[in-house]
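Take a look at the structure below.
The values are calculated or read from the model by the stated rules, or taken from the named source; none is laboratory data. What you see is a predicted model, and the numbers here were worked out from it, not measured in a lab. Positions of Cβ are backbone-derived with ideal geometry, glycine not excepted, and every protein chain shown enters the neighbour counts. Note: accessible area is taken over every heavy atom of the protein model, side chains too, but ligands, DNA and RNA are not part of it. Shrake-Rupley method; radii C 1.70, N 1.55, O 1.52, S 1.80 Å.
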Amino acid sequence: MLELDKTTFEPEVLQAEGTVLVDFYGDGCVPCQALMPHVHALADEHGDKIKFCAINTSKARRCAIGQKVLGLPTVAIYKGGEKVEELVKEDATPEAVKAMVEKYL
């Protein structure tokens, strides 16, 4: 799982080849912390097929706003630098994230 910041987001996600999952989380976000182990487990399982990244929006607000991240947690899939699917807040359950990842394998 690659930890991103505002300087690495563009080259690692928007300029990346293939499929990239980004977990947008924030300091003190309890649902984010609850979801994180599930995302890390998916990264361990499918990291050879999909690039898994995380970014702390508390430290990269402009980046999050630029990606239209309006609530946390947000888990998004990017292909060819474009966001193609995302799960936000209550929809970002471990089961929903797993199903979304499996669509892009």
Applying the selection to region 1-16, what residues are free of Cβ contacts under 8 Å to residues at least 24 places away in the same chain and of a type in the set (D, E)? E10
So how many residues does region 1-22 have that are in contact with a helix residue (DSSP H, G or I) (Cβ under 6 Å, 6 or more places away or on another chain) and open to solvent by 60 Å² or more (accessible area, probe 1.4 Å)? 2
Restricting attention to helices (runs of 4 or more DSSP H) lying wholly within region 23-105, give those where 2 or more residues are farther than 19 Å from E3 by Cα and either open to solvent by 50 Å² or more (accessible area, probe 1.4 Å) or polar (S, T, N, Q) (or both). 94-103
